[in-house]
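Following: one structure in structure tokens, then a few remarks.
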Amino acid sequence: QARGVKRIFLAGLATDYCVAYSAEDAAKLGYQVVVIEDGCRGIGLPAEGGTTIDAAKRRLTAAGVAFLTSDALA
């Protein structure tokens with residue numbers, strides 16, 4: 001933030017764990033966070049209401065994290 005960063009784009013492994021925790025932390029710190037969905041791969045264990053990927057996406061959406069695909073960046 002001291003360098004003027006306001007928005008963070010995330011991609012990586014695993015969508016439902018590492019990427020999700022990084023996105024949550026960044027959102028709590030006040031950054032605009034965007035997860036590049038096709039730049040991620042999740043583990044996808046069974047969870048209530050779907051998989052751990054579904055649960056992470058619901059949690060992140062509620063935290064204000066946006067999702068897009070890489071073609072939207074072109």
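Among residues other than residue 20 with Cβ under 11 Å from its Cβ, the summed charge is 0 (Lys and Arg +1, Asp and Glu -1).
3J(HN,Hα) couplings calculated from phi for region 47-56 with the Karplus curve 6.51 cos²θ - 1.76 cosθ + 1.60 (θ = phi - 60°) are, in sequence order, 8, 4, x, x, 10, 5, 5, 4, 5, 5 Hz; Gly and Pro show x.
Restriction of the trypsin sites (Lys or Arg not before Pro) in the chain to DSSP coil positions whose beta-carbon has at most 15 other beta-carbons within 10 angstrom yields 3, 6. Backbone geometry of region 27-32 corresponds, through the Karplus equation with coefficients 6.51, -1.76 and 1.60 at θ = phi - 60°, to 3J(HN,Hα) couplings of 5, 5, 7, x, 7, 7 Hz, x marking Gly and Pro.
Here the chain has an Rg and Dmax of 12.2, 40 Å, counting Cα atoms alone. Each other residue within a Cβ distance under 14 Å of residue 73 adds +1 if Lys or Arg and -1 if Asp or Glu, for a net charge of -2. Between residue 14 and 19, the built amide H atoms are under 5 Å apart, and every one of these is 5 or more places off in sequence or on another chain. If the chain linking residue 28 and residue 58 were pulled fully straight, counting 0.36 nm for each residue of separation and taking away their Cα-Cα distance, it would gain 9.2 nm. The value of relative contact order for the chain, using C-alpha pairs under 8 Å at least six residues apart, is 34 percent. The modelled label-to-label distance for the pair residue 66/residue 21, using points 7 Å beyond Cα in the direction of Cβ, is 2.7 nm.
Just so you know, all these numbers are worked out from the coordinates, no wet-lab data involved. Given the structure is predicted, the values throughout are model-derived calculations rather than measurements. Positions of Cβ are backbone-derived with ideal geometry, glycine not excepted, and every protein chain shown enters the neighbour counts.
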